[in-house]
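K.L.:
Quick one: this structure, given as structure tokens, is what I'll be asking you about.
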Amino acid sequence: VQLQAFGGGLVQAGGSLRLSCAASGLTFGNYHMGWFRQAPGKEREFVAAIRWSGVSQYYADSVKVRFTISRDNARSTVYLQMNSLKPEDTAVYYCVADHLRKSIASMSDGVDYWGKGTLVTVSS
């Protein structure tokens, strides 16, 4: 299984970025997908998740309203649209996949697959 994230970079505060994660080696439609992040010197934290069907999305309080997670099952890709970025959003962002037999609410307890991260840097 490979989860390849794209789209990280340097952006000024208030700006936007769109992350993409292309999945391969799994049946994409059978997995909840999500994003975690890890800022320098901090623990990894949950950012957002989307149900296997795309019907429901979940967000950390710190990113609600500003971030939007979506998926394209035909392209086996999940996206994270990040608007109104803040310096505290600076982190390495990781794409994750978790089988639909598990509750999406338990993602913070562990997921089936992690991708390599992509760095997002927000300057003040």
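The values are calculated or read from the model by the stated rules, or taken from the named source; none is laboratory data. All of these numbers come straight from a predicted model, not from anything done at the bench. Here the Cβ is made from the backbone with ideal geometry for all residues, glycine too, and neighbour counts use every protein chain on show. In case anyone asks, the SASA skips ligands and DNA or RNA and just uses the protein heavy atoms, side chains included. Shrake-Rupley method; radii C 1.70, N 1.55, O 1.52, S 1.80 Å.
K.L.:
Conditions: (1) touching a helix residue (DSSP H, G or I) at 6+ places or on another chain (Cβ under 8 Å); (2) open to solvent by 40 Å² or more (accessible area, probe 1.4 Å). Gln38 meets all but one. Number of the miss?
P.N.:
Condition not satisfied by Gln38: (1).
K.L.:
Could you tell me which residue of the stretch 98-124 is farthest from Gln57 (Cα to Cα), considering only residues that are within 15 Å of the chain's Cα centre (by Cα) and acidic (Asp, Glu)?
P.N.:
Asp112
K.L.:
Now a separate question. Scan the stretch 53-74 residue by residue and report those that are open to solvent by 50 Å² or more (accessible area, probe 1.4 Å) and closer than 19 Å to Leu17 by Cβ. Even if it seems obvious, please write down each step before you answer.
P.N.:
Filtering the stretch 53-74 down to residues open to solvent by 50 Å² or more (accessible area, probe 1.4 Å) leaves 53, 55, 57-59, 61-62, 64-65, 68, 73-74.
Residues satisfying the conditions are Gln57, Tyr59, Ser62, Lys64, Val65, Thr68.
K.L.:
Filter the stretch 34-76 down to residues that are more than 17 Å from Ser106 (Cα to Cα), among the β-branched types (Val, Ile, Thr) and not in a loop (DSSP other than H, G, I, E, B), then give me how many there are.
P.N.:
Residues meeting the conditions: 2.
K.L.:
OK, next. Considering only the stretch 60-80, how many residues are under 13 Å from Val96 (Cα atoms) and β-branched (Val, Ile, Thr)?
P.N.:
First, the residues of the stretch 60-80 that are under 13 Å from Val96 (Cα atoms): 69, 71, 76-80.
From what is left, the residues that are β-branched (Val, Ile, Thr) are 69, 77-78.
Summing the residues that are under 13 Å from Val96 (Cα atoms) and β-branched (Val, Ile, Thr) in the stretch 60-80 gives 3.
K.L.:
Quick one: which residue in Arg75, Arg101, Arg66 is out of contact with any strand residue (DSSP E or B) (no Cβ under 9 Å at 6 or more places or on another chain) and basic (Lys, Arg)? Working first, answer last.
P.N.:
Values: Arg75 fails: out of contact with any strand residue (DSSP E or B) (no Cβ under 9 Å at 6 or more places or on another chain); Arg66 fails: out of contact with any strand residue (DSSP E or B) (no Cβ under 9 Å at 6 or more places or on another chain).
Just a single option satisfies the conditions, and that option is Arg101.
K.L.:
Is the stretch 33-45 home to any residue that is of a type in the set (Phe, Trp, Tyr) and farther than 14 Å from Leu3 by Cα? Even if it seems obvious, please write down each step before you answer.
P.N.:
At the first step, the residues of the stretch 33-45 found to be of a type in the set (Phe, Trp, Tyr) are 35-36.
Add one more test, that the residue is farther than 14 Å from Leu3 by Cα, and what stays is none.
No, that holds for no residue.
K.L.:
Follow-up. Looking at Val78, Val55, which one is β-branched (Val, Ile, Thr) and touching an Asp or Glu at 6+ places or on another chain (Cβ under 9 Å)?
P.N.:
Values: Val55 fails: touching an Asp or Glu at 6+ places or on another chain (Cβ under 9 Å).
Within the list Val78, Val55, the selection yields Val78.
K.L.:
I'd like to verify a number: residues in the stretch 1-33 that are in a loop (DSSP other than H, G, I, E, B) and either surrounded by 20 or more Cβ atoms within 10 Å (Cβ to Cβ) or out of contact with any Pro (no Cβ under 8 Å at 6 or more places or on another chain) (or both), how many?
P.N.:
First, the residues of the stretch 1-33 that are in a loop (DSSP other than H, G, I, E, B): 1, 7-8, 13-16, 25-27.
Adding the requirement that they be either surrounded by 20 or more Cβ atoms within 10 Å (Cβ to Cβ) or out of contact with any Pro (no Cβ under 8 Å at 6 or more places or on another chain) (or both) leaves 1, 7-8, 14-16, 25-27.
Number of matching residues: 9.
K.L.:
Just to be sure I understand, how many residues within the stretch 95-114 are modelled with pLDDT of 95 or more and either open to solvent by 40 Å² or more (accessible area, probe 1.4 Å) or over 13 Å from Val47 (Cβ atoms) (or both)?
P.N.:
6
K.L.:
While we're looking at this one, here's another question. Of the residues in the stretch 85-118, how many are outside any strand (DSSP E or B) and either out of contact with any Leu (no Cβ under 8 Å at 6 or more places or on another chain) or among the hydroxyl-bearing types (Ser, Thr, Tyr) (or both)?
P.N.:
If we filter the stretch 85-118 for residues that are outside any strand (DSSP E or B), which is where we start, we get 85-90, 100-112, 115, 117.
Retained after the next criterion (residues that are either out of contact with any Leu (no Cβ under 8 Å at 6 or more places or on another chain) or among the hydroxyl-bearing types (Ser, Thr, Tyr) (or both)): 86-90, 100-112, 117.
Qualifying residue count for the region: 19.
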